[in-house]
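**Q** Below you will find the structure I want to go over with you.
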Amino acid sequence: MKRPCGAGPATTIGCGSSTSAPSGTSSCSAPTTWASRCSLFVDQIHYWGDIIVDGLFGPEHGTRWMPCGSAVKTGMRISLHNDPPVTPEEPLRNISVAVTRTAPSGRVMGPEERLTVDQAIRAQTIDAAYQLFADDVIGSLEVGKYADLVVLSADPRAVPAEDIAHLVVRTTYLAGRRVYADSD
């Protein structure tokens, strides 16, 4: 079914750490419509994870901040986002953080909330397009879709998860046209 951008019923499910959620659980709820959405700002863990745990919410609630794993387990098609100018737009760091959940100190926050590399890539691509009602034209490489893609310096599945953020975009294609190529 084709859905024009912004059309159709949508239910946004809030998904975050909650002081009212029972210990050991997140506040994610199962989707109730075909269009349930949850976009998570996982870069907060990279930049402020230690402050979230030690200075704001304590380990019981802070370690579950941005519960990607719980959201995916409910069947939600999540996306990962940034909030410029608060943080730079860093899709590769989002993937890395969703997989490692590593705070600045090196602490792993809520390891049960980690995604696999494939789940994180999906959240940054096709499921993000789904949330925009644009998965029929972007988000994956298929006949009839725009050929938007990047060529990276390495396969994100073949490097340590913490190194995904440091991969280099070698080439960018939009609608099948090369619009960027690095000088290396």
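**Q** Efficiency by 1/(1 + (r/R0)^6): what FRET value for VAL168 and SER140, r their Cβ-Cβ distance, R0 = 35 Å, to the nearest 0.05?
**A** 0.95
**Q** Right, next: Normalise the Debye intensity by I(0) for the stretch 31-161, one equal point scatterer per Cα, no solvent, then take log10 at q = 0.20 Å⁻¹ and round to two decimals.
**A** -1.20
**Q** So how much slack lies between ASP182 and ILE51, counting 0.36 nm per residue of separation and subtracting their Cα-Cα distance, in nm?
**A** 43.5 nm
**Q** Per residue of the stretch 112-128, in order, report the coupling 6.51 cos²θ - 1.76 cosθ + 1.60 (Karplus, θ = phi - 60°) as ³J(HN,Hα) in whole Hz, putting x for Gly and Pro.
**A** 5, 9, 5, 9, 6, 4, 4, 5, 5, 4, 4, 5, 8, 10, 5, 6, 5
**Q** Give me D for the stretch 102-180 in µm² s⁻¹, whole number, from Stokes-Einstein with Rh from the Kirkwood sum over alpha-carbon pairs, 37 °C and 0.692 mPa s.
**A** 229
**Q** Now for a different question. Under the rule of at least 5 residues apart or a separate chain, name every residue whose amide H is placed under 5 Å from the amide H of ARG64.
**A** Close amide H contacts, sequence-distant or interchain: none at all.
**Q** Ordered by residue, what ³J(HN,Hα) values in Hz, to whole numbers, does the stretch 149-155 give under the Karplus form 6.51 cos²θ - 1.76 cosθ + 1.60, where θ = phi - 60° and Gly and Pro are x?
**A** Working through the residues one at a time gives 7, 10, 9, 9, 5, 7, 6 Hz.
**Q** Oh, and also: Name the residues whose placed amide hydrogens come within less than 5 Å of the amide hydrogen of LEU152, ignoring near sequence neighbours (fewer than 5 apart) on the same chain.
**A** ARG170
**Q** Okay, moving on. Amide H to amide H, which residues 5 or more places from SER36 or on other chains are under 5 Å from it, using H placed in the peptide plane?
**A** Residues meeting the amide H criterion: THR11.
**Q** Right, here's the next one. Kindly write out, for the stretch 88-104 in residue order, the coupling ³J(HN,Hα) from the Karplus curve 6.51 cos²θ - 1.76 cosθ + 1.60 (θ = phi - 60°), rounded to whole Hz, with x marking Gly and Pro.
**A** Working through the residues one at a time gives x, 6, 9, x, 6, 5, 4, 4, 4, 5, 4, 7, 9, 6, 9, 7, x Hz.
**Q** If r is the Cβ-Cβ distance from ARG107 to SER39 and R0 is 35 Å, what FRET efficiency results, to the nearest 0.05?
**A** 0.90
**Q** Report, in whole Å, the centroid distance computed from the Cα atoms of the stretch 112-139 and the stretch 140-162.
**A** Their Cα centres are 12 Å away from one another.
Rule-based calculations on the coordinates, nothing more; no lab input. Since the structure is predicted, the reported quantities are computational estimates derived from the model, not experimental observations. Virtual Cβ from ideal backbone geometry, glycine too; neighbours counted across all protein chains shown.
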